[in-house]
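The values are calculated or read from the model by the stated rules, or taken from the named source; none is laboratory data. Quantities reported herein were computed from a predicted structural model and do not represent experimental measurements. Note that each Cβ is placed from the backbone with ideal geometry, even for glycine, and that neighbours are counted across all protein chains shown.
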């Protein structure tokens, strides 16, 4: 995996669709579970996973808000 700068990761994460973020998150989890990464690589993967999970949560929250009728 190519190193991602913090600024690039944030910009990229903000433009991902839910499906893209979820797919990348699954890849990150798979890599973490497989082991073999250095501590620094593992930390970078973990941080990217946290960002991607937040992106997914924002998409889900927005979808829930659209489905929840406004209270009168």
Need pairs with beta-carbon distance below 6 Å; first residue farther than 16 Å from residue 12 by Cα and within the range 31-51, second surrounded by 14 or more Cβ atoms within 10 Å (Cβ to Cβ) and at pLDDT 95 or above; sequence gap 6+ or separate chains. 31/45; 32/45
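Give 19, 14, 40, 47 a once-over and let me know the one that is assigned to a helix (DSSP H, G or I), exposed (fewer than 10 other Cβ atoms within 10 Å of the Cβ) and either modelled with pLDDT of 95 or more or out of contact with any strand residue (DSSP E or B) (no Cβ under 6 Å at 6 or more places or on another chain) (or both).
Criteria check complete, one pass: 40.
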